[in-house]
Every structure is written in structure tokens, then in C-alpha cells.
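To keep things clear, I will list the structure first and then write my remarks on it.
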Amino acid sequence: MTAEHEVVVVGAGFAGIAAALELEAAGIADVVILERAGDLGGTWRDNTYPGVACDVPAHLYTLARHPWPHWSREFAPGAEIQAYLRRVAASTGIDGRIRFDTALAEAHWDGDAWALQTTRGARRARMLILACGRLTEPSIPQVHGLAAFPGPVVHSARWDPTLAVAGTRIAVVGTGASGVQMVPELVRRGAAVTLFQRSAPWVLPRGGRTYTDAERHRFASRPDVLAALREELFQEGEARHASRAGDAAAAAAASDQALAHLRAHVTDPALRASLTPNYAFGCKRVLLSDDFYPAVASDAVTLEPSALARVDADTLVAASGRRHTVDAVVLATGFRATRQPYADLITGEDGISLDEHWATGMSSALSTIVSGFPNLFILNGPNASLGHNSSLLMLEEQAAYAARTIAARPTGAILRPDPVAEQAYTDMIVRRSRTTAWVTGGCRSWYVDERSGRLTLLWPGTVTEFRAQLRAADGTEFLREPATERSTTP
Ligand code: NAP
């Protein structure tokens, strides 16, 4: 017999756990979470590379319903975040709802509900919440000869804990957030690193220190103090939005700060020139690090300021023509983000998949619902990422919206997102992003879809604006007509 549920959530990372918590708070009990792996945690389960941490302050990178006074430091290491999420799931009983080692293989709308095929049998769900993560599938560069490299080749999100680091010549390919966190730690562990940098990142100082026992005790005994700190961190994040979103003066101030940070740590003019970005501040994710520049300026790192072009046995050949012989290769080359891996598994009521619906890039209404896909909510999908503040704020808001909407649904009603609402929302995103550095800044980033040039992953506004629009949603984002009279407006 096919198991039937009111709600199936796909993915047991932060988004899936947040969804289950919000559904429970809304009184919806019949919820299961499908998780393809044997553990929860998503990003924080998969990313265990040396130095992995979150560059968002820990007390803001915490679920609002579950403050945690005991964070060890201002920016938490990955393992501590993973332990936090496990603790939340266990203490709330949400872990009992997770079906581990159960991957979604396919889902289609059967006219009344979602028919799911999983690696452990079929299920039906009246409501489906996709919380599959947005940076899950490693992007492996198509580089001639890489497959024949004689030593280990690992991606940052598939770290091999048995990889010897001390005394090893390691090529790190990529200078996004993962590469920039990893390089200083590889150096601390005794590796000689050759860093392939295709584009120099913008890097701001991070700061951050260990909390004292007295501080942690105070946070535990004074929830008001903790709440005030969280609010302060939130407002600091919101204030960073302007420098990323097209405010020229704010961008100039922030880029001056980044260039001063570079000058303070890198004295060699040639190296400094190589590390100076040649695109607008904020065009791609701005990085926060105090130890990246000192590491690159040290004798332990050789900066190769060009792309990895090909591999010739144990020698990596750069686009510059320079050759680097190494023992191991670490690909910090990011993820396949603009075409989400779950998109071709989901078929809507017109028989087309999400991937087909998104042929020119992801689109949605309210960053959460998609026309042609009834009773479906997507967390952390189209236009729901952030570069300036904690992404948990976004997915919690989406989870609360989904739970509220599902709870308010008249029994048996089908929630069909209005294509007109989706088009209007997409037009709004295009309009808002047109003059921002994300679109015009002269870089390549995973925020923008390569097929249309549209900003498809990043939310262009502040969190405050995002909250306001979701909290103001009044149901008009869904069609009112019965299925047979659905609007045909494109
Ligand atoms: P990423 O930002 O997509 O960076 C990938 C890097 O690989 C880029 O520098 C890219 O160069 C480079 N690259 C790709 N192919 C290359 C080649 N053939 N030769 C040389 N370089 C090549 O990936 P990521 O660093 O894994 O970060 C992804 C996202 O994860 C971040 O934007 C962030 O949202 C999240 N993250 C967050 C944290 C945190 O602390 N909160 C930490 C890690 C990751 P180009 O720039 O030229 O494309």
C-alpha cells in the first residue's frame, strides 16, 4: 500500500527541519521528511573540508525558535553547526519524522496530490515541500586530463578525511567562500598550496572571537540579552545590503575597506595586483576572512592567478601556461546552482517538469511557489539566497508562509499558483536587479542564470522586505477558479 501524508518535506537540512517545526507549530501533524543520506544536516553534513565554518555570526545563524546560548565563538565551525541542528531535531522529536536513506526519485501531480517514487517505495502527499538545498551538487570543471591525475582529487563538499595534508603539495582550484576558508587551514596543517584563482574575490575583514564562559552563562540565563544580540546582528546584516545592491557610495566605502584589508596583509605589489578584483564589489559573494591574505602572502602558498586549463599527468597547467606539479587536487569549484538537481524530478499538472518550466532560469511567485505545480512550496530555491545576511532568516520565513498557507487551506482545496503572479514577481526581480552589481558588475556568479542573464537565485532586497511580502500574502497569489476553468494567461 502506498503511504499517504498530508505533507512530505524533501530534505533534512536547515530548511527541511525549519519546515517541519513550522508545520508542527501550525498544528499539522501528518508530516514526514525524506532524506537521501543517512544523516541530517545538508550543507553542514556534506561540507567537512579543513576550516569549514559559517561567516554569518552564530547567533544569527540559529533558528529563531531555538536560540543557542552556548556557541563557542562568534563564527561557528561547521561541526558545531551540524551538532546544533542534530540537537534541535532530537529535542523537538523532529528526527522521528525523518526517513533516512530515502531519496526522491520522481514526483508528479496526479490531479489530486503528489505521487512520489522514492528509493524506498512509493508515497503520496497532498502537499509537497522541497527543501533540497541550493548548493548540493558539486560543479566539477571540464578540464582535460583531470580524470587521469594520478593522486587524489576531491571536491570541497566531498572532503576525504584520509587525505594526507601535512607535507603534501595541494592544488586548490577556486577562490569562492569554500576555497578562501580552506587555504589558511591547509597551510596551518602543513600543506604547500598552489592556489588557482580565476577571479580575485572581494574580501573583507571578518573579526570574531571565542565567547567566554561568563558570556555564554549570561546568554543562557538572560534570553533578553541573547535576543538583543541577535537583533543587533540582524540590523548589522541589513545595513550591508546597500553596498551589494547598487548603492554606489556604500559600495565604494566597502570596496575601500576591502582594498585596505588587502594592502594591510600583502606588501608585494605584484601579488597585490593579482589579488585585486577586476569586477564590481558585490557582484559575486563578498567573502569575510582575516587569514586568507596572510596565508596567500606566506611562503606556503603559490598564487596562480589564472584558471586551471588542463592536467598533464601530475602537472596542472594553468591558463597562463605555467605548470604546477602537485600531489593532490582540491576542487573548491562550487556547485551546479542555476539548474537545481531536483528540478527534473518534479512534473507538474501540465506534464512538464520544473526544469522545463525554468528553461530560461528559475522563476516563482514569492520565491516559494510556481505556477503549474499545485500544492508545492520550494524553500531556498528561486530568488531566496542572500549575500548580506543570514540565509536562515529567509528559509524560516518561507517555512512559516508554507505552514500558514497549508493550515488555512479549506479541506480538499488545491493551491494553484497564479501564472500572472509569477510573471509579475519575475518582472519585479528583473526590474530591481537591473542596475545592481549582481547583474552589471562584470563577473560570473551562481546568482545569475547563464541562459537568460536573469538574477534567479539571489533575493535582491533586504530580509525585512522579504518578510513583509510573505507576511502580507493574502492568497491572491493562488488561482481561485476550479481546475477545469484555469486561467490560460501566460
Ligand atoms: P563558488 O563561490 O561558486 O566558487 C567557485 C570558485 O571556483 C570560483 O572562484 C570560480 O572562479 C572557481 N573555478 C571554477 N572553475 C575553475 C577553474 N577551471 N579554474 C580556476 N577556478 C575555477 O563556490 P564555493 O566557494 O563552494 O561557494 C559557494 C557558496 O557556498 C558561496 O557563495 C556561499 O553562498 C556558500 N558558502 C558559504 C560559506 C559561509 O561561510 N557562509 C562558506 C562556504 C560556502 P570564478 O569566480 O572565476 O567563477
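Regarding the stretch 264-284, can at least one residue be identified that is within 18 Å of Ala171 (Cα to Cα), touching a residue at least 12 places away in the same chain (Cβ under 8 Å) and open to solvent by 50 Å² or more (accessible area, probe 1.4 Å)? Checking the stretch 264-284: not a single residue is within 18 Å of Ala171 (Cα to Cα), touching a residue at least 12 places away in the same chain (Cβ under 8 Å) and open to solvent by 50 Å² or more (accessible area, probe 1.4 Å). When residues in the stretch 178-235 are screened for being over 17 Å from Ser156 (Cα atoms), touching a helix residue (DSSP H, G or I) at 6+ places or on another chain (Cβ under 7 Å) and more than 16 Å from the ligand (Cβ to nearest atom), 4 of them pass.
Quick check, is Ala245 without any contact (Cβ under 8 Å) to a residue 40 or more places away in the chain and either among the charged types (D, E, K, R) or more than 15 Å from the ligand (Cβ to nearest atom) (or both)? Answer is no for this residue.
If only residues of the stretch 95-115 that are in contact with a strand residue (DSSP E or B) (Cβ under 6 Å, 6 or more places away or on another chain) and within 17 Å of Leu23 (Cβ to Cβ) are counted, the one that is surrounded by the most Cβ atoms within 10 Å (Cβ to Cβ) is Trp114.
Tallying residues that are farther than 18 Å from Val286 by Cβ and more than 16 Å from the ligand (Cβ to nearest atom) within the stretch 436-455 yields 3. Residues in the stretch 148-177 that are within 28 Å of the chain's Cα centre (by Cα), away from the ligand (no atom under 14 Å from the Cβ) and not β-branched (Val, Ile, Thr): 4 in all.
Checking each residue in the stretch 323-362 for being open to solvent by 50 Å² or more (accessible area, probe 1.4 Å) and in contact with an Asp or Glu (Cβ under 6 Å, 6 or more places away or on another chain) picks out Thr325, Arg336, Asp344. Filter the stretch 22-52 down to the residues that are part of a loop (DSSP other than H, G, I, E, B), over 15 Å from Ala76 (Cβ atoms) and among the small types (Gly, Ala, Ser) and list them by number. Within the stretch 22-52, Ala26, Gly27, Ala29, Ala37, Gly38, Gly42 qualify. Are there any pairs with C-beta distances below 7 angstrom linking a residue in the stretch 383-400 that is touching a residue at least 60 places away in the same chain (Cβ under 8 Å) and among the hydroxyl-bearing types (Ser, Thr, Tyr) to a residue that is in a helix (DSSP H, G or I) and within 11 Å of the ligand (Cβ to nearest atom), with the two at least 6 apart or on different chains, and if so which? Final answer for the pair search is Ser385/Ser391. Considering (1) among the hydroxyl-bearing types (Ser, Thr, Tyr); (2) buried (at least 22 other Cβ atoms within 10 Å of the Cβ); (3) without any contact (Cβ under 8 Å) to a residue 12 or more places away in the chain, the lone condition that Thr411 does not fulfil carries the number (2). Against the conditions (1) away from the ligand (no atom under 15 Å from the Cβ); (2) of a type in the set (Asp, Glu); (3) closer than 29 Å to Ala191 by Cβ, where does Glu80 fall short? Just the number, please. (1) is the only condition that Glu80 fails. Condition check for Thr333 on (1) in a helix (DSSP H, G or I); (2) under 17 Å from Val183 (Cα atoms); (3) under 19 Å from the mean Cα position of the chain (by Cα): one failure, at (1). Against the test of being more than 16 Å from the ligand (Cβ to nearest atom) and open to solvent by 20 Å² or more (accessible area, probe 1.4 Å), the options Thr48, Thr92 yield a single qualifying residue, Thr92.
Only one entry in Ala29, Ala25, Ala12, Ala19 is open to solvent by 40 Å² or more (accessible area, probe 1.4 Å) and closer than 22 Å to Met394 by Cβ, namely Ala25.
A quick yes/no check of all residues on (1) surrounded by 14 or more Cβ atoms within 10 Å (Cβ to Cβ); (2) free of Cβ contacts under 8 Å to residues at least 40 places away in the same chain:
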| position | (1), (2) |
| --- | --- |
| Pro417 | yes, no |
| Val420 | yes, no |
| Tyr425 | yes, no |
| Arg432 | yes, yes |
| Thr435 | no, no |
| Trp438 | yes, no |
| Gly441 | yes, no |
| Asp449 | yes, no |
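Residue under question is Thr62, and the condition is that it be of a type outside the set (Lys, Arg) and either within 16 Å of the ligand (Cβ to nearest atom) or open to solvent by 40 Å² or more (accessible area, probe 1.4 Å) (or both); does it hold? Yes. Residue selection: Ala252 fails the criterion of being out of contact with any Lys or Arg (no Cβ under 9 Å at 6 or more places or on another chain) and surrounded by 16 or more Cβ atoms within 10 Å (Cβ to Cβ).
Number of residues in the stretch 329-354 that are within 16 Å of the ligand (Cβ to nearest atom), hydrophobic (A, V, I, L, M, F, W, C) and modelled with pLDDT of 95 or more equals 5.
The values are calculated or read from the model by the stated rules, or taken from the named source; none is laboratory data. All of these numbers come straight from a predicted model, not from anything done at the bench. Please note: Cβ atoms are built from the backbone with ideal geometry, for glycine as well, and neighbour counts cover all protein chains shown. All accessible areas refer to the heavy atoms of the entire protein, side chains included, with ligands and DNA or RNA removed. Shrake-Rupley method; radii C 1.70, N 1.55, O 1.52, S 1.80 Å.
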